[in-house]
Amino acid sequence: MKIENLYQKFNIQNSEQIKQTQSETQKTAENQQQTSLREDRVELSQTAKDIKKIESVLKTTPDVRTEKVKAIKEQIEAGTYQVDSKKIANAMLADLLKDLA
């Protein structure tokens with residue numbers, strides 16, 4: 001057996017190992033690229049969606065109901081405005097019961 005043959009065998013084995021290593025490196029690079037191409041996703045719960053809808057409705061709803069305020073002002077000026085004490089008491093009790101629940 002000659003030393004040259006051993007050297008040639010060693011080179012063949014090394015070249016095969018290099019090819020295998022290059023193939024593995026390429027596969028790893030492809031996997032990393034595929035991983036980086038994936039998009040992040042966020043899913044909102046139904047509660048979050050409902051809150052978002054409520055916020056948009058509140059932004060478009062005026063703070064003051066101008067028609068109702070105008071009607072009450074006209075009744076007060078005309079002296080025809082009547083306070084319904086039972087209605088006010090019931091509303092106060094309903095609010096109190098909601099707070100206790």
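The values are calculated or read from the model by the stated rules, or taken from the named source; none is laboratory data. Quick caveat: nothing in here was measured; it's all calculated off a predicted structure. FYI the Cβ positions are ideal-geometry reconstructions off the backbone, even for glycines, and counts take in every protein chain you see.
Within the stretch 21-32, is even one residue surrounded by fewer than 10 Cβ atoms within 10 Å (Cβ to Cβ) and part of a helix (DSSP H, G or I)?
no
On the basis of being at pLDDT below 85 and part of a helix (DSSP H, G or I), does residue 36 make the cut?
Working: at pLDDT below 85: yes; part of a helix (DSSP H, G or I): yes.
In short, yes.
Just the residues that are surrounded by 10 or more Cβ atoms within 10 Å (Cβ to Cβ) and in a helix (DSSP H, G or I), please, taken from the stretch 77-91.
Going residue by residue through the stretch 77-91, those that are surrounded by 10 or more Cβ atoms within 10 Å (Cβ to Cβ) are 81, 88-91.
Matches in the stretch 77-91: 88, 89, 90, 91.
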